[in-house]
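Remarks on the structure that follows.
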Amino acid sequence: MTASPSAALQDPKQDTKPDPRAPRRVRHEPRRRELRVKRVDKISAHMIRVALGGDLEGFTSLGFDDHIKLFFPDGPPAADGTPQVASRDYTPRRYDPAGNTLEIEFVLHDAGPATRWAEQVQPGQSLQIGGPRGSFIIPLNFDWHLLIGDDTALPAIARRLAELAAGTKAVVLAEVDGPADQVTFESAADVSVTWAYRNGAEAGMTTVLADKLKTMRLPTGDYYAWVACESLTAKALRAQLIANHGANPKWMRAAGYWRRGAVAVHDTHND
């Protein structure tokens, strides 16, 4: 039996429209690049910013929480003389095509290969990078934006705030060890920042973000919640936002930028 024209008009698939608030993914052609350190700046007690230049033609990063791989020396050369390297994921903090400069921010928090490299880095040294393989682009058309994270998320938070236009409202909840680890966020938006301090406690072993979130008076209206920190903490914060703060699971991204007891981990806690 042939469907009538009216039946076709009633087909829900015909009426489906893209969600204007749905994030979208964009894939990039990944390649490895050899860069040189142009400048090193200390921006807080345990964070430095490294400006890199060199082979950046065609570099593309469209999402504020994109990740690129950095390749660091790790141990003595292999028996055949090949250098041993370890890769770690980092956020491209700022890319300036005109100045041919890519900025990366490093948290000096452990004795791993990334921290060892960052503690001794000087202008003129080389560093290989790869990616990003893709971008996750979160729309801006919300009543306000919530950004929650620990030290490792500060570069992405700073980049997002720099993207927001005047008249936009954003709320930031950030965990650091203490006041000396606070950073300055530049934004044209109306930004409220709340700092949660570990005060010497081990990172990933406290509930300071969850405790502080309980006391915060959040704005009304539709919002996008972005969370990035230790993996189990991110998962718990996601549940807390949904249960107690009216967060829409479709308008949320919760990521474990790292996981206690594991190396080079990036988890995503979404439906």
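Return the long-range amide H neighbours of Leu173 (sequence gap of 5 or more, or a different chain), with a cut-off of under 5 Å between placed amide H atoms.
Sorted by chain and number, the residues that satisfy this are Leu147, Ile148, Gly149, Thr194.
Leaving ligands, DNA and RNA out of it, report the carbon-plus-sulfur percent of the accessible area of the range 169-271 at a 1.4 Å probe.
Percent of accessible area from carbon and sulfur atoms in the range 169-271: 48.
Could you tell me which of rounded, prolate or oblate describes the range 157-246, using a ≥ b ≥ c as the square roots of the eigenvalues of the alpha-carbon gyration tensor, with rounded for a/c under 1.5 and, failing that, prolate when a/b is larger than b/c and oblate otherwise?
oblate
Can you sort Val37, Val85, Val193 by 1.4 Å-probe accessible area, starting with the largest?
Output order, biggest surface exposure first: Val85, Val193, Val37.
Going 7 Å from the Cα of Asn244 along its beta-carbon direction, which residues of the range 171-209 have the amide nitrogen within less than 13 Å of the resulting point?
From the range 171-209, the list is 207-209.
Once you order the gyration tensor axes a ≥ b ≥ c over the Cα atoms, which shape class does the range 120-200 get: rounded for a/c under 1.5, otherwise prolate or oblate by comparing a/b with b/c?
Oblate.
Compute the length gained on full extension between Ile137 and Thr184: take 0.36 nm times their separation in residues and subtract their Cα-Cα distance, giving the result in nm to one decimal.
Extra length available between Ile137 and Thr184 comes to 14.5 nm.
Jot down the radius of gyration and Dmax of the chain, Cα atoms only, both in angstrom.
Cα radius of gyration and Dmax of the chain are 20.9, 76 Å respectively.
At a Förster radius of 41 Å, what calculated FRET efficiency corresponds to the Cβ-Cβ distance of Glu163 and Ala79, to the nearest 0.05?
After rounding, the FRET efficiency stands at 0.30.
Which is farthest toward the positive dipole end of the chain among Phe136, Val50, Trp195, measuring Cα position about the Cα centre, with Cβ charges +1 (Lys, Arg) and -1 (Asp, Glu)?
Phe136
Taking a ≥ b ≥ c as the square roots of the Cα gyration tensor eigenvalues, with a/c under 1.5 meaning rounded and otherwise prolate when a/b beats b/c, else oblate, which class fits the range 16-130? Working shown, then result.
Working: a/c = 1.81, a/b = 1.59, b/c = 1.14.
In terms of gyration-tensor shape, prolate.
How large is the accessible surface per residue of the range 63-114, computed with a 1.4 Å probe and reported in Å² as a whole number?
46
Per residue of the range 231-238, in order, report the coupling 6.51 cos²θ - 1.76 cosθ + 1.60 (Karplus, θ = phi - 60°) as ³J(HN,Hα) in whole Hz, putting x for Gly and Pro.
Working through the residues one at a time gives 4, 5, 5, 4, 5, 5, 5, 4 Hz.
Can you tell me the accessible area per residue over the range 194-254, all protein chains present, probe 1.4 angstrom, in square angstrom?
On a per-residue basis, 50 Å².
If you keep only loop residues by DSSP, which trypsin sites (Lys or Arg not before Pro) in the range 91-151 have at most 13 other Cβ atoms within 10 Å of their Cβ? Write out the running numbers ahead of the final one.
On the way: sites: Arg93, Arg94, Arg116, Arg133; in loops: Arg93, Arg133.
Qualifying residues, ordered by number: Arg133.
Cα-Cα over 24 Å: which of Lys69/Lys169; Lys38/Lys69; Lys42/Lys69?
On the way: Lys69/Lys169 32 Å; Lys38/Lys69 19 Å; Lys42/Lys69 22 Å.
Where the Cα-Cα span goes over 24 Å, the pairs concerned are Lys69/Lys169.
Working out 0.36 nm times the residue gap between Val40 and Ala262, then minus their Cα-Cα distance, what length gain in nm do you get to one decimal?
Contour length minus Cα-Cα distance gives 77.1 nm.
Could you please put Glu29, Glu163, Glu202 in sequence from largest to smallest accessible area, using a 1.4 Å probe?
Solvent-accessible surface, decreasing: Glu29, Glu202, Glu163.
Which value, in Å² rounded to 10, gives the accessible area of Thr194 with a 1.4 Å probe and all protein chains present?
40
With +1 on each Lys and Arg Cβ and -1 on each Asp and Glu Cβ, how big is the dipole of the range 121-271 about its Cα centre, in debye rounded to the nearest 20?
Approximately 320 debye in magnitude.
Rounding to the nearest 20 debye, state how big the charge dipole of the chain is about its Cα centre with +1 on each Lys and Arg Cβ and -1 on each Asp and Glu Cβ.
Magnitude of the dipole: close to 320 debye.
When the Cα centres of the range 16-38 and the range 200-271 are compared, how far apart do they sit, in Å?
If we compute the Cα centre of each part, the gap is 23 Å.
Taking 0.36 nm per residue of sequence separation and subtracting the Cα-Cα distance, how much length would be gained by fully extending the chain between Thr194 and Val26, in nm to one decimal? Can you show the working numbers first?
Values: separation 168, 0.36 × 168 = 60.48 nm, distance 3.19 nm.
Answer, rounded to one decimal: 57.3 nm.
Just the accessible area for Glu34, please: 1.4 Å probe, Å², rounded to the nearest 10?
90
How much accessible area does Leu62 have with a 1.4 Å probe, in Å² rounded to the nearest 10?
Here the residue's solvent-accessible area equals roughly 90 Å².
Which value in nm describes the separation of the simple spin-label points at Arg116 and Gln128, placed 7 Å from the Cα toward the beta carbon?
1.7
Can you list the trypsin sites (Lys or Arg not before Pro) in the range 236-271 that are in a DSSP coil and have 16 or fewer other beta carbons within 10 angstrom?
When the trypsin sites (Lys or Arg not before Pro) of the range 236-271 are filtered for loop state and at most 16 Cβ neighbours within 10 Å, Arg260 remain.
The values are calculated or read from the model by the stated rules, or taken from the named source; none is laboratory data. The structure displayed is predicted, hence computed values, not measured ones. Cβ sites come from the backbone with ideal geometry, for glycine too, and all protein chains shown count toward neighbours. We work out accessible area using only protein heavy atoms, side chains counted, and drop any ligands, DNA or RNA first. Shrake-Rupley method; radii C 1.70, N 1.55, O 1.52, S 1.80 Å.
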